[in-house]
Each structure stands twice: as structure tokens, then as C-alpha cells.
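Here the structure comes first, spelled out in C-alpha cells, and everything after it is commentary.
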Amino acid sequence: MGGFSQIAGGERWHFEDLRSLLACATPLRSGDCLAGVAARSETERVAAQMALAELPLSHFLQEAVIPYEEDEVTRLIVDSHDAAAFAPVSHLTVGDFRNWLLSHQADSQALASLAPGLTPEMVAAVSKIMRVQDLILVGRKTRVETAFRNSMGQEGRMATRLQPNSPTDNVSEIAASVLDGLLYGNGDAMIGINPVSDNFAAIGDLLDMLDSVIRQYDIPTQSCVLTHITSTIELIERGKPVDLVFQSIAGTEAANRSFGVSLDLLEQGYQAGLSLNRGTRGQNLMYFETGQGSALSADAHHGADQQTLEARAHAVARRYNPFLVNTVVGFIGPEYLYDGKQIIRAGLEDHFCGKLLGVPMGCDICYTNHAEADQDDMDALLTMLGTAGVNFIMGIPGADDIMLNYQSTSFHDALYLRNLLGLRPTPEFEQWLQRMAIMDSGAGALAPGSQLPEAFGTAIESAIGKVDT
Amino acid sequence: MTDPVERNPAVADPWQDLRRITRARIALGHAGASQPTRAHLEFQLAHAKARDAVHTALDGAALVDGVDRLGVPCCEVESQAPDRVTYLTRPDLGRQLSERSVGCLEKMGAGPDAPPPDLAIVLADGLSARAVQDHGLAMLERLLKVAADNHWSVAPVVIANQARVALGDDIGERLNARLLVMLIGERPGLSSPDSLGAYLTYAPRQGLHDDARNCISNIRPEGLGYGAAAFRLEALMKGSISRQLSGVSLKDDSEPMVVEEDKARIGNFLTGQ
């Protein structure tokens, strides 16, 4: 390969390989600067985007960003590529692919059929030459539906993961946040706890607790206690009620190794989850978390840019028919995504790339206290992702996670978006909310007057009684 | 003519009393479906405080005094990040010792011929100097007792400025320690600007990744108390020494203990259990 040349601004620019072309074409972010792979000037960045636009999509099947021999994620991408699905766009350049995606011909059905024919590097490439409005428009046309105890991802629906974390794994504290979330109409994607430690007995207790709440109130949702997949496999063997099998994943073999996982181990976790047969509407049960910068953080980025590697993480997720994939976009910190502007674009890119690859994307719209971001930035990303048709967002009391020490979206934020855009919860959960008299039968507004739903009244009275004594 | 608006158009939640059992921002009420003014501004204030906390520097001299009073030798080191802004954007520099620090550790180490110490303990600022300032010495005292109980030898204590977690591996390797415990300030949350993390590494050396470490998080009186944290760390340290490893292969399989400094527990009131 002789690399790629481009004339722009009266200068000739040269990019030595596909990996550096992609990195130079990426919109500015601090993580790529930290890795030393970013464009050295604004002009070089646009020159790279112009060169990328002229590259045939078929080139991505000939040149790997990370060598096939060195990386099992590359082998997964290459070996699972569906040439027949790719055929309709195989003659296009990246630039023409963008034009086609924006056209009316690229409807939901066409995009769904295309997904197995696309590689993560192709979708990362086209995202790099798209504006925010393009990412939203095309993202909205892609639909990825999955099911476990309810049905996710339908048109006009947006779910929430109720995240009732406690800094001490305190059961009563968790119960209070679960109650608050349910009464604010949140929790259809899952009720998912990040436990403080990886103590088996403590995690087993939390699984039992969530299972008992879901069964007692007959809630059409699923639970997850987010611990390492080896622990989840062990807990399944110990007979614990595991609904969703969680794991953080990244886009390179070495980064996954730093997480203590491999593709084989993920398969073992998937099979262990399937063996329980706990889904009633479907058997999508893997829950993955991703986020730009994780490979660099593990010193396992191979000189590739963080957005391309994030798309490769989505390709890893795709293999296991996941229920949900969550890009935890602003959690990683300012050394990877410096400010609100970078976080917003990254969230939209991840949603777009994941959906185009056929992955049920949601987003933890979030930031840390050491990033240059605030609630206004999150409102912007929240509103944009709502219009882009995101499958789910987070629901956390007052947007303040008291265990993980970051800010995400609140129960109120989900209601804001539902009211603003007419988005509804998942169908089964919506019926449950109406049956429990938590929500109106209308477009998802809070029930007028907020009378305490009868089924929860006894529990609340007994809890308050115990608090008083 | 329209009716005048009521005095407080925000609607309260009837489960407000539950706020007494949690620091989570539950039962905020709602204005329309959105957050009422008071809840919104309380959040803004907490965020402003956390932002201010991120940029506070460690008072190393005060920690050195405290370690001296415990009768243990110590030295203060720093990473290659010269200031807070560089520290925040260049984690690679926060993982490497400054030249001066390397010399300092060489002087403190027992030398290649001496028997390696069982345990090295590092107190580091991380993203919240306040966490280690407030809780570092209390945890150090408990860890020293754990070491004495188990007849483990302890290397000189190291206080580290502008430090990332992996800086501890470099320090532990230079001290030739079998086991490293890094006590480091975690990223400040809105409700927890002073949360301390403890990272344990067997045979610490440069270049290790997260999968080689075990972490106990949120150590502070309102979170995981000192006693409970030391109890869990002791279990992990014993397992680590006997199995000669740390990280994802080392599980904390101890029985869950009653956390001594915990709030009133009313159990899972949702199902009456």
C-alpha cells in the first residue's frame, strides 16, 4: 500500500495507511491528541476527510486497521462479513455512501438488511465526514429491535435503565431509588445496579432482591447486577436469578484482555445466560457497555483513533445478539473527551455507528466533575439523541450517581424527553404503568395530582414507619 | 381572566420521608414533569463545589507529619505532571515518577540484598486530594495493624502528588514489595467529594493493567467505613499472598459483613423482606 494523497488548500497531504487516514479525519478530541494520532492542523483534518470521501468502501475489506494475525476482533470482523448484504453498496465510495444514507432510498428496511455487510471501520469512516444533523437523521432511520421480558427499540419508544446505585450496596437505599424511579415511570430497559465490590454473597443478595421486586409487582422488565462476566457465570452456576449478562468491552483484543475478557469468554457468558431461559418475549440477554477512549486507557489502541475503535467494540457486541448496548460517553474523563462539545458529538457518533451495524444502542448521557461540561451540555445531547431515536437512556435519582460519582440523566430528564417528543415507554411497561396508575393513558405525562399508586402505598407506609421509629 | 397561579406550583412527592435513609436525590417533586427550582439549584451548587474540589492541591506536609506520628518512615514523591491542568489531560505523565522521586525511592528502599518487604502502602491525591487528606491516615493506621497481626513487613510509606493509580505499581516495584496497596482519591461525586479508593496489586511492576488489580471503592465515613474497608482489604491481601496473584482471578468471597458505620437499615421494604 502506498498510502493516500490529497490536495487541499493548495498543499499536497499524505496519509501513510488507512489507520492514519481515519485518525487524521476524526473531529478533534483530546484522546486522539493524547495518543498522538490526531491531525496536526485543521487543514490536515479536512484534507483527510476529503481523501476518505474518495475511498471505495470495498477498500475496507482489503486493508485492516489492526492486523488480522494480531487481533481476534479484526478476525471476527473479517470472518463474519456478509458479502451478499454488502453488495448493494459495494461500488460506492465513503462520500457517496454518506449521500446514499441521507437519501430516501435508505429507509429503515434497507438499512437493516445492509447491517451485516458493514464493517465497523466503514461506519466509523462515514461518520467522520458527517455533521451532527446527518448523524441524527440517519440514526433515526435505523431501528434495532430486541426482546427479553419486554420489547425494545420500536419506533416512537424510548426506554430507561433505572440505576439505583448505593455506595454501600445498602438494600433499603437501593429500594428507595427503585421506588422513586418506578413512580417516575422509569425502568423498562432494566433495573441495573453497579455494586460496590465483587463479593459473591453481596451480589447474589442484590440479584435476589431485584428478582423479588420484579416478581412481586409483576414488572415487565429485567434486572442486572453489573459485575465481571466470570463472576456472573459463577453466580449462574450457583443458581442465582440472572436476567441480563453484563460486560464492559472494547474494540481490540488487547483492550479486552485488560478487561479480563476474550471473545470465547463472552460466548461462555452468553451461553450461561441462555441456559436459564428467563426471557418471556425473547432471548436477547447480553448487556454491554462501551465508550470512546477505553482502548487507549488500556494502552491497547494500536495507533488507531478512539472513535474507530469504539465502532469495533460495537462489532464485538453484535456477535452476541445483545439486548442493549450502552455507550457510557462522558464517564471516562477529559483526557479522552475534553468538554461538552466533544462529549455531544461522541454520543451521537456512537449511537449512529452502533445502529448502522445493527446494535441496539442506548447512551449514558453523562459527565464527570473534572470534565469541562455541565447540565446544559447534557440537555443538548439528551434532546439530540431523543430526536435520533435512541433505544434507551439512563434514569438516576436527580442525575447524581452517589456510588460511581458522575452525573447522568435523571428520571425527570426521561419525562422531559417523552413529553417534548411524544416518546413512549416500551409497550409492555407502558401498560404496566397504566395498570398501576402511575402514568396517564396519554403520551407519557405524569399522572395528574400524583396520587400514590395503591400497590406501593403499603410498602411506603411501612418503610416510613420504620424510619420514624 | 385566568385564575392566579397557586403559591407553589411545584408538586411534592408523598414519599419524601424516605430521603432520610439515602443520600440519593429521590422525591424531588416535579414542576410539570421537570425538576422544581429548588432541586435544580441545589444540584447546581453541588456541581460548583465538586468542580472547585477537583482543583484543590494535596497538603503533603500535613500527611508527612501524620505518618511520622504513627512512627513509620515515609517519603513524598510526585509524578511527571507538573500541575493540575496537565495532570487532567495527560494521564500518561501521572503514571510516571519524576526523576527526583526515583532518587528519593532508591534511598528509601532496603536495597537488592535485603529481604523484600511484604507490603508497600502509597497515599495518593488522585482526583480528590481531600479524600486522602481526610481518610488516608485513618486507613493507614488500620492497614499497619493488619500487617502487624499477620506478621507482614512494611516498606516505608509513600505520599504521591499528581498521581494516577498505576503510579503505585512503579513505586511498589522500586520498593521491591510483594504486595501494594494504593490509597487514592477517587473522582469527586456531587454528594461525595471525599471518596477514597484502595487498589491492591500482587508483585507490582510497571506496565500492569486494571485486570491485575483489585479495587475497593468509596471509603469514607458515609460510604464504606474504615473498619469494613480494612476487613475486606485484609481478606483480599491474605488471598493474594497465599495464591500469589491479584486482579480478576482473585475474588472476594468473604461473607458480607454488617457495615459498622451504616445508616439505619430497613431492608427491602418493597417486598417486606
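Quick look at the values:
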{"item": "Single unsatisfied condition, residue B:51 versus (1) under 14 Å from residue B:160 (Cα atoms); (2) not in a loop (DSSP other than H, G, I, E, B)", "result": "(1)"}
{"item": "First in the stretch A:402-424 and in the same structural domain as residue A:378 (by the TED database) and more than 25 Å from residue B:21 (Cα to Cα), second anywhere and open to solvent by less than 10 Å² (accessible area, probe 1.4 Å) and in a helix (DSSP H, G or I), Cβ under 7 Å, 6 or more apart", "result": "A:417/A:382; A:417/A:386; A:421/A:386; A:423/A:386; A:423/A:417; A:424/A:418"}
{"item": "Selection count where residues are open to solvent by less than 50 Å² (accessible area, probe 1.4 Å) and out of contact with any Leu (no Cβ under 7 Å at 6 or more places or on another chain), scope the stretch A:35-44", "result": "4"}
{"item": "Residue pairs meeting the criteria (Cβ under 7 Å; at least 6 apart or on separate chains; first facing chain B (nearest Cβ under 7 Å), in the stretch A:155-180; second surrounded by fewer than 22 Cβ atoms within 10 Å (Cβ to Cβ) and among the acidic types (Asp, Glu))", "result": "A:168/B:262; A:170/B:262"}
{"item": "Per-region count, the stretch B:54-74, residues more than 14 Å from every other protein chain (Cβ to nearest Cβ), in contact (Cβ under 8 Å) with a residue 24 or more places away in the chain and not in a helix (DSSP H, G or I)", "result": "7"}
{"item": "Residue A:347 vs. criteria in contact (Cβ under 8 Å) with a residue 12 or more places away in the chain and open to solvent by 10 Å² or more (accessible area, probe 1.4 Å)", "result": "no"}
{"item": "Residue A:294 being out of contact with any Phe, Trp or Tyr (no Cβ under 7 Å at 6 or more places or on another chain) and in the same structural domain as residue A:352 (by the TED database)", "result": "yes"}
{"item": "Neighbours by Cβ (under 7 Å, 6+ apart or cross-chain): first from the stretch A:87-115, under 17 Å from residue A:357 (Cβ atoms) and aromatic (Phe, Trp, Tyr); second open to solvent by less than 60 Å² (accessible area, probe 1.4 Å) and in a helix (DSSP H, G or I)", "result": "A:97/A:57; A:97/A:89; A:97/A:126; A:100/A:89"}
{"item": "Total residues in the stretch A:54-79, condition part of a helix (DSSP H, G or I), closer than 13 Å to residue A:125 by Cβ and open to solvent by less than 50 Å² (accessible area, probe 1.4 Å)", "result": "4"}
{"item": "Residue check, residue A:279 at positive phi, open to solvent by 10 Å² or more (accessible area, probe 1.4 Å) and in the same structural domain as residue A:204 (by the TED database)", "result": "no"}
{"item": "Out of B:100, B:95, B:7, sole residue that is touching a strand residue (DSSP E or B) at 6+ places or on another chain (Cβ under 8 Å), more than 13 Å from every other protein chain (Cβ to nearest Cβ) and open to solvent by 80 Å² or more (accessible area, probe 1.4 Å)", "result": "B:100"}
{"item": "Scan of the stretch B:32-53 for residues that are surrounded by fewer than 17 Cβ atoms within 10 Å (Cβ to Cβ) and either under 24 Å from residue B:84 (Cβ atoms) or hydrophobic (A, V, I, L, M, F, W, C) (or both), ordered by number", "result": "B:41, B:44, B:45, B:48, B:49, B:51, B:52"}
{"item": "Total residues in the stretch B:242-273, condition among the hydrophobic types (A, V, I, L, M, F, W, C), at pLDDT 75 or above and open to solvent by 30 Å² or more (accessible area, probe 1.4 Å)", "result": "2"}
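The values are calculated or read from the model by the stated rules, or taken from the named source; none is laboratory data. The model shown is predicted, which means the values in this text are computed figures rather than measured ones. Neighbour counts are summed over all protein chains in view; Cβ atoms, including those assigned to glycine, are modelled from backbone coordinates with ideal geometry. Please note that ligands, DNA and RNA were not included when accessible areas were found on the heavy atoms of the full protein model with its side chains. Shrake-Rupley method; radii C 1.70, N 1.55, O 1.52, S 1.80 Å.
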